[in-house]
Structures are given as C-alpha cells and as structure tokens.
1. Could you pull out every residue, at least 5 positions away or on a different chain, whose amide H is within less than 5 Å of the one on I374? Hs are placed 1.01 Å off N in the peptide plane, and Pro or chain starts have none.
2. From the P(r) of segment 146-462, could you give the percentage of C-alpha pairs in the tail past 31 Å?
3. Could you please report the charge total around A260, scoring K, R as +1 and D, E as -1 over all other residues with beta-carbon less than 12 angstrom from its beta-carbon?
4. Rounded to the nearest 500 deg cm²/dmol, what is the calculated helix-only ellipticity per residue at 222 nm for the chain, with -39500 (n - 2.57) per DSSP H run of length n ≥ 4?
5. Got the relative contact order for the chain handy, in percent, Cα pairs under 8 Å and 6 or more residues apart?
6. When K283, K99 are ordered from fewest to most other Cβ atoms inside 10 Å of their Cβ, what list results?
7. If you line up the long axis of helix 208-217 against the longest principal axis of the chain, both from Cα atoms, how many degrees apart are they, to the nearest 10?
8. Would you mind checking K83/K413; K99/K238; K57/K99; K99/K283; K180/K283; K79/K413 for any pair whose Cα atoms are more than 29 angstrom apart?
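Any read-out appearing in this document is the output of simple, stated calculations on the displayed coordinates, not a laboratory observation. Bear in mind that the values here come from a model prediction, so they are computed numbers and not experimental data. Neighbour counts are summed over all protein chains in view; Cβ atoms, including those assigned to glycine, are modelled from backbone coordinates with ideal geometry.
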Amino acid sequence: MKLRTNKKLVASLVVAALTTASGSVLAADTTNVIVKLKNSNAPFAALNQTRTPESMKAMSQQRGASVRAFADTNQIEAKHVYKNVYYGFSASVTADQMKSLQNNPDVIGVYPDVTYRIVDIPENYTPPVTSKMNRKIIDWPQTVPQGPAESGSADSAYTGAGQHVYVIDTGIDVAQNDIKNNLGASYAAEVCADPVNCDADYDDDHSHGTHVAGTVAAADNSINVVGVAPAATVHAVKVCTAEGSCPSSSILDGLDWAVADMTDRGMSAIANLSLGGSDPSDKGTCDETGYTGEHAVAESYCNAAHAGMVVVVAAGNSASDAVDYAPAGYDSTITVSSYTSYDDLFGEAVFTGFSNYGQGPNDFSSNDSGVITIAAPGNAIVSLNRTHAVTTLSGTSMASPAVAGAAAMIMEKHPQAMDYSAFVNVRQMLVDNATMPVSYTVDDGSAAPHAEGLLNVRFLDEE
C-alpha cells in the first residue's frame, strides 16, 4: 500500500532533538494517516478581509462541520479534526479506505502519521511511578537562571502579565508549586498515562514540557526558579507520551487547539514549539498576503501566524544550517539558536556547538543569520522538574522558551492585533534590540557561522 507523496508530511511536528522511529501502523490492515482536504468552505486564503474573533470562530465551525461530514460520508472515524490552521483530519484507515481517499477529488493528499522519539530517552524508558500518598513535593530556594539574568527580564517592570503562552510539548506538571498558579486552560492530544500521578489529561508524565514552561513563566516567589515572564499564563498542550513518542497528528492537533483557544479569548498570543527535524524540501513562502507553496505543514504555521499566533521554535541541535530543518526553516516562525555564555567585558558570545545556525541574508535583519531570528541561553539551563524542584537540561529546546517569555513581555507593553502583524512586529522588536557581540565563537572550537544577536529585553524599560 503506497501513501500519496505529492506533499510529504515532514518532521516539523517533532520535539527538539527527535529521531524517527517508524510510521504508525495499528494492524496489518490499518494505517495511521493525516488527510488534507481541498478547502472550499471558509478558506484560510481570505486573509485580506477584516476578520474579527467572531468571524474566525464562525469559519472554524464551518470547516469543522465540513471535515466531519466528509469523514462520515466516507465511513472513516476521524481521530483529530483540523479546522483552525489546517483543513483535514487524522484517522486509522483500511487499505480500501486508503485507495478511496487517494482517488477522491476533494483530497489534496494523504500523508503518513509518523511517530517520533526524544533521542535522550532509552527505547525501554518507563517513567517512575510514585504513590501520591508517599510523594513529597520538594521546593528549593529560588534562583535566577541564565535566561532571565542575561536578557534583563529579571530586572524588568514587565512580567508578561495578561499574556498567554501555549507550551506544545509533553504537558505541564499541574502539581509543580512554581508553575501551577500560572496554568490556564489546557489540552491533551496525547493523554497523560501515569496511573498514579496524573491529575489531568494534560499532566506531564515525562518532564520536558514542565522544564520548558518553567523557563517561560515560573512564578517570581521564594522557590525553585523564576521564568522570563513570571506573570504570564501558560497553557499545557500535551502532544507527546511519557515514553517520548510524539505522533505528528497529535502535534498538529495541539497547534490547531491553541489557535482556537486564542481566538476564543480575542487577543493575540504566543506558542512555544521546541520542535525540530530534518526537512531540506522547499517550504514555500509566508507573507502578509498568505501562503504560497506546496508544503502542507508549513502552510499550517502560516495560517497560525495570520490568526495572530506568534510562534517561537527551536533551531535544532544538529550543528547545521537551520534552513534544512522544520519548523526552524519556516519563515512564519521566530527561530531561536543557543548560546552558552556572553562576556560583557569583551563583548563576545560563546555559542553552543550543538546549536543549528543560519547563513545568508533575510528580510528582517542586516545580519547574515539566515532563518535564525535570535539566540538565547540553551546550555545547562536550570528550570522546573516534574513533581519537584528543578533539573538542568541543554538544547535549543531550552533557548526557545526564553524567547517565548520575552515575546510575552513585549506584547504586554505593545499589544498586538490578531493578524500577521503580531508575528512581524514582535520578531522585529526582538531583532532590533538584540545584543550584538563584537565577535562570535563556539564552545567546541568549531567555526559555525553564527551572526544573530542575543536576547535582550532591557529596551522595554528604557523606551
């Protein structure tokens, strides 16, 4: 059985530093797929029209009803229905259903629902289970991590108050004392599977998402760490399992839900996707007029940006040009690389050897940083751990949420419209006010061509 490949489902829907396992196959006669339909009902392309939250919700409802009707007519049970950033659904289909879909004139493409894994988790990894009766929440005295300290957010009057950040990841530990009071409405495309410690479907049974959330918005109190935007509201969007498996269909569902929740609130927001995977294909172009190209997943990120979502993503950890990765290579995202330290005396940055970089010109900066927008601390970052205290992790996954928190601070002072201008304006303010090193070095001695500035939010208090 051959899957249609006119538009492949790329690894843009993968947690940072993921490796491919295999396509998701339920049984010999069924295959997990993502189906994209022709969007004649409330098309995303109507971007030049005046759109209100009410009209956006109405269009979403029209799309959802149309997609469900298509699935029902074709006797397919949809697992996820996409209606806010994508027009289609995911499902497990038989060989006959697959053939029917491939021959259906209303179908643009049928793509494999690939399952991915986080590389630093062993294949036989099982999360520890601790009885709630014996579970002791440990809180340590508060420290200021590198992100808030070096970016200037720790000393700012702006805290991200009133802003919303969607952490699309492994969930967020709802019992973590340093983040639970900043937790807003949340969602699980993959349900928390810990039989003892799951207090909600979107609870974190891994730990990666809790660490990311802590960098964004750990509260400024007396315990553990402080986030870049300690008064922002974070939303857990759980798309990965306890074992580190992340179905592409679930990650797309998480992004779709986040845009719907943002639209219901009626104000622009931020999403952090510490995601990455190799994708050297042509990703098309996203600009103020909409998307042009043939890349189904890149188009969904463009649709999210046009809805008012400022999407921040990790550059990737392969010491390569991020243009060949997704979603780092999309032009509708704020792509973040990792640096280790900055020497203020010598004006020199030390970038982490694992970090992807960018090369060549772009349309938002005079620096030849390619698709990279900005760098943030990503080496040995202290943040929240699942169930207790803190832990230290490294990766562009850790750099990206620092910029997501900075975006919340910017949008607190400079509220943004629910359209493409939110992404453009926030990205430009980050670039224009970045710290520019005198020289660039890499901590492993390599000559990686970094040219981007470093995260700096001090301008907010100086304006």
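1. Correct list: T335, S337.
2. On the way: 10479 of 50086 pairs.
Looking at segment 146-462, the distances longer than 31 Å represent 21 percent of pairs.
3. Once positives and negatives cancel, what remains is 0.
4. Mean residue ellipticity, 222 nm, calculated: -7500 deg cm²/dmol.
5. 19
6. Fewest-to-most Cβ neighbours within 10 Å comes out as K99, K283.
7. 60
8. Flagged as over cut-off: K83/K413; K99/K238; K57/K99; K180/K283; K79/K413.
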